[in-house]
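All remarks here apply to the structure that follows.
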Amino acid sequence: MFSHASNFRIDGQPTFIVYQGSPQDPNHDNVQISVSDVLKCPSPSQYFVGRADTLSKLAKVFSAPVVTVFDPDPDSLARFVRSFSRRPTIYIDATSEEALTNVLAEHPQDFESIYSDTILVLENAWENVYTSLVLGDHFPVCLQCPILATSTDSNISNIASSFAHAFQLPQNSSNKSAMAKCWTEIQRALMPGQRIVSLVASGGTGKTQTVSKFIQDNSSRFANIWFFDATSKETLTSDFKELAKAAGVGDQIKDIRNFLARTHQNWMCIFDSADDEQLYLKDYLPICAHGNIIITSRLVRTSEMDSPGCHIGFFDLNRDDAIELLLKHAHEESHEETQNVASEIVETLGCQALAVSTAGAYIHSNVTCTLGNYLTRFNNKKRDTLNYRLRTLDSYQRTVFSAFQLSFEKLSLASQGLIQMCAYLHPTAIPLEMFTRAAAYVGEDTYPGETTPINGISILEKFLGLFVKEGTWDDSVDELCRLSLASYDSTKKMLGFHSVLHACACETVQDSKNQRYGAILLLGRATPFGQANGDYQFRHQLTLHVQHIGLGDLPTIHVRQCLACILKDSGFGLQWEILEEEIFMLCKKVIGEHHPKTLTSMGNLALTYHLLGKLKSAQKLEEEVLVLRKKVFGEHHPDTLISMANLAMTYHALGEWESAQKLQEEVLVLCKKIIGEHHPRTLISMANLAMTYHALGKLKSAQKLQEQVLVLRKEVIGEHHPHTLTSMANIALHIMHLEMESAQKLQEEVLVLCKEVIGEHHPDTLTSMANIALTYHALGKWESAQKLQEEVLILRKEVIGEYHPQTLISMANLAMTYHALGRLESAQKLQEEVLVLFKKVIGEHHPDTLISMANLAMTYHALGRLESAQKLQEEVLVLRKEVIGEHHPDTLISMANLAMTYHALGRLESAQKLQEEVLVLFKKVIGEHHPDTLISMANLAMTYHALGRLESAQKLQEEVLVLRKKVIGEHHPHTLTSMDNLACTYQALGKFESAQKLQEEVLVLHKKVIGEQLGSTTLIH
């Protein structure tokens, strides 16, 4: 071989290919064994698609190692590589791609016959070789000798087989110890060694098909390929004997192992379906430093046999490959329409190869089944579709269900019970804590007189009885994962199942109805009702499973109460409402209309109506509850006081603040008398009354009462109790109108404490962050507000969900900040998205939906889309009159906003008329000195100004300025705006000295109070 190497000339320079040492056939006995016709690897299915990544990784693993050596000194490199005299070595000039290509082109057959113990050295690899050299493009696929590439460019390491195969020579070449160590490490890296790869996944994922495809594409790499059926000890032993007979060796396991160990040709052994935990596969593998082995298995432990650096993760098909596979089996053309329909099918099937193939074949073989109706057929006839057997010509003949059942039958009784119970929950994110909480439950599943789901409870009790012994939950999780039937997130302690395996598990259940009841009762027993952060976070984890179970056919009142609590926390208001209505009706039927628990359910339903914006329905029910509680418990019973307090809060929400104040003051007196001045509920009553004072514009009274509540809460329940933190937050909100910097400071203090006491991700902590952002907004610190609001939005999506009303409020607040920053298009886009979501989640007539509509109208106004703004504002006004009443403060604000749009449209008389009407109503409803009344006066004054009625404008503005100084303080931003507006009117009247004096005063105060960067506005909406 290479007998005429001295005649090679490349680039005009003589280049020598030299053997150092004497190449010998390692299989020196020259034993020629005709064994290639036994245990052949089956061909892949003609429908095979995808797996490019896995096939590429297999090709890399079973290629000869590529080792790189870098040194900036070419002479040091040359001296070093000449030290490989103990093994046959071929040196090739690789100073350019042309040089390498010419050598390989002239001697292709010679390279195909190089023995595996030969080293192929690519000397002085050309600059940028790492970006252009693809070894497979230059060397024959069957080349099995290791390659050593040297270069003065450090980037040569990019073509190394792995990080461990990239070397740099020691800087001090005279250091013999360092050079010897480097030489030894490179020699070790150049030894191919035995390579073992396992493909581990559940049945039906396409492991065997992928191996067959690899062998089909790479058969020339290997001298012999043997495919062993490792399903059981019996099948594997039988195949070993077949090879032994062909090889002419003894028929014992050790004889074949020895045969493989002494056969130095580049053989490949495939051990397929090594799924039996009782089969110790290592007893069948040869102990030697050569050869290639692929193992397919469902057992996770099998991957322990992988050679270092040879682990290949095996997963389901990607979406595009799964679609292609489905359409091939269904014999459907691939175009946009079929791909879209197929996409939904493969996503439902989790892109599992066998399930997708079966679906396609089922569609093709049943004339009434189409891509469009397959999922309906699948959901209605799961057993039929999961048991459908493919008629393709490949060797795999199991159905989706039988492939699952093979593993299921190997499970312990406890693990079978666990997977069957999980089959009625959502397949992903199943917290293990759900089972331990349910096992520790000591309450009752049913109310007295309620029909008991005996069989469901029996199934649940039997299931929990399997896990009495400590550690058995972990044992079952480990067993499920060992057989690739489940995955487990050890950080979150959550169990997950592939959607197809989940469906198969459901089909193993004999009594589906009562098994479902058992799972629902389990969920109920696991649900905590506490308000601690841990309880809240756990309920949030259960939301996915409540949604999966659905609200139909629930077995008990208790279960409904648990699910309602979960849905309430997660913002699924409409579903929560359905459950609360069912609970109330069932309580009346089962335990009677006047039973305390029935009255509690009425109160809860009224609260639901309140939070969903159905305020009139809430008021009606709360008034009814109050009458009944007075009748059943008496006027001074604590539960009666709770009903009074709830009714007062509904009056507050309806804008009936005087009625709310009157009732809250009555409640406070009774609470102090009956349960004591320092009782937590008394303090809640005080806090609620303070909120009403604030709404009525009695800001100093509100602040004083909140400060009193804060002192008492610190004394009674402690400085760090969540209710104490709420008091601090309320005070901050109250003083924000008067002392914004102080409010910001207090809110930041509250946030620090919330993170420390209830956790960084607790909803109340996120509310605290949102409040600070609103204060930043009010202070004109819009960039800070935006940054914090974006953070809150991300956290709320993560903690309480994308569609929770609080998340939508975060989106709305962020949009308003975009508005303030002048990013009007971004604000409009986000507000339009929020409005759609509000309508979908809480309904078209919810007060928050109407606020969203009003905000969008303001953005339209700012964008100059005045007709759109007018149209939307008129719609909001009609709805607010209908939903919350003509005299509600929010209705009056809608009238005021519409008037300002009339003003902008030049319809000044219409604006004046509406503003005068609004002002009369504001004075009547919330009082002459309320901040919103003063805004209304200021807006009317601006319209007088625009109409040329300057004396009227001046008179009204001077009145507003006096009142604002008195009510909200001389330094409040709204007071400064009044001064600015009045100065403009003075100027228009020719009172230039008065205007200049006032403007100078305003400028000084603006710099002092708000900062130089924040200007004033001439119109307040």
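The values are calculated or read from the model by the stated rules, or taken from the named source; none is laboratory data. The model shown is predicted, which means the values in this text are computed figures rather than measured ones. Note: ideal-geometry Cβ built from the backbone for every residue, glycine included; neighbour counts use all protein chains shown. Just so you know, the surface numbers come from the protein's heavy atoms only, side chains and all, with ligands and any DNA or RNA stripped out. Shrake-Rupley method; radii C 1.70, N 1.55, O 1.52, S 1.80 Å.
Looking only at residues of the range 774-802 that are of a type outside the set (A, V, I, L, M, F, W, C), open to solvent by less than 30 Å² (accessible area, probe 1.4 Å) and farther than 25 Å from F572 by Cα, we find that the one that is nearest to the chain's Cα centre (by Cα) is T775. With the requirement that a residue be closer than 22 Å to L779 by Cβ, open to solvent by less than 60 Å² (accessible area, probe 1.4 Å) and either among the aromatic types (F, W, Y) or free of Cβ contacts under 8 Å to residues at least 40 places away in the same chain (or both), what does the range 961-998 give you? Correct list: L961, R964, T975, M979, D980. Considered as a group, the residues in the range 1002-1021 that are surrounded by 14 or more Cβ atoms within 10 Å (Cβ to Cβ) and part of a helix (DSSP H, G or I) include one that is modelled with the lowest pLDDT, and that residue is V1009. When you go through (1) open to solvent by 10 Å² or more (accessible area, probe 1.4 Å); (2) in a loop (DSSP other than H, G, I, E, B) one by one for Q420, which number turns out not to apply? Here Q420 clears every test but (2). In the range 371-400, the residue that is farthest from V200 (Cα to Cα) out of those that are touching a residue at least 60 places away in the same chain (Cβ under 8 Å) and under 30 Å from the mean Cα position of the chain (by Cα) is K382.
I851 satisfies every condition listed in (1) under 21 Å from V918 (Cα atoms); (2) outside any loop (DSSP other than H, G, I, E, B); (3) free of Cβ contacts under 8 Å to residues at least 12 places away in the same chain except (3). Applying a threshold of 6 Å to beta carbon distances and a minimum spacing of six or more residues, or different chains, the list of pairs starting in the range 427-444 at a residue that is under 18 Å from K493 (Cα atoms) and ending at one that is open to solvent by 60 Å² or more (accessible area, probe 1.4 Å) and in a loop (DSSP other than H, G, I, E, B) reads L432/K493. Filtering the range 816-847 to residues that are of a type outside the set (A, V, I, L, M, F, W, C), modelled with pLDDT of 90 or more and in a helix (DSSP H, G or I) leaves T817, Y818, H819, E825, S826, Q828, K829, Q831, E832, E833.
Results for (1) more than 33 Å from the chain's Cα centre (by Cα); (2) modelled with pLDDT of 85 or more; (3) within 27 Å of I800 (Cβ to Cβ), shown as yes or no for each residue.
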| site | (1), (2), (3) |
| --- | --- |
| R681 | yes, yes, yes |
| A687 | yes, yes, yes |
| Q703 | yes, no, no |
| H720 | no, no, yes |
| N730 | no, no, yes |
| Q744 | no, no, yes |
| G759 | no, no, yes |
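Taking into account only those residues within the range 902-947 that are modelled with pLDDT of 90 or more, open to solvent by less than 20 Å² (accessible area, probe 1.4 Å) and among the aliphatic types (A, V, I, L, M), which is farthest from P889 (Cα to Cα)? Within the range 902-947, the match that is farthest from P889 (Cα to Cα) is A941.
Summed over the range 485-501, residues that are open to solvent by less than 20 Å² (accessible area, probe 1.4 Å) and on the phi > 0 side of the Ramachandran plot total 0. Taking the listed residues L647, L663, the one that is part of a helix (DSSP H, G or I) and open to solvent by less than 20 Å² (accessible area, probe 1.4 Å) is L647, with no other qualifying. Residues that are open to solvent by 50 Å² or more (accessible area, probe 1.4 Å), in contact with a Gly (Cβ under 9 Å, 6 or more places away or on another chain) and not aliphatic (A, V, I, L, M): does the range 342-363 have at least one? No, the conditions are met nowhere in the range 342-363. On the stretch given as the range 476-516, residues that are touching a strand residue (DSSP E or B) at 6+ places or on another chain (Cβ under 6 Å) and without any contact (Cβ under 8 Å) to a residue 40 or more places away in the chain total 2.
Looking across the range 885-911, the residues that are within 19 Å of Y860 (Cα to Cα) and assigned to a loop (DSSP other than H, G, I, E, B) come down to L905, G906, R907.
Every condition in (1) part of a helix (DSSP H, G or I); (2) touching a residue at least 24 places away in the same chain (Cβ under 8 Å) is met by H636 except one, and the failing one is (1).
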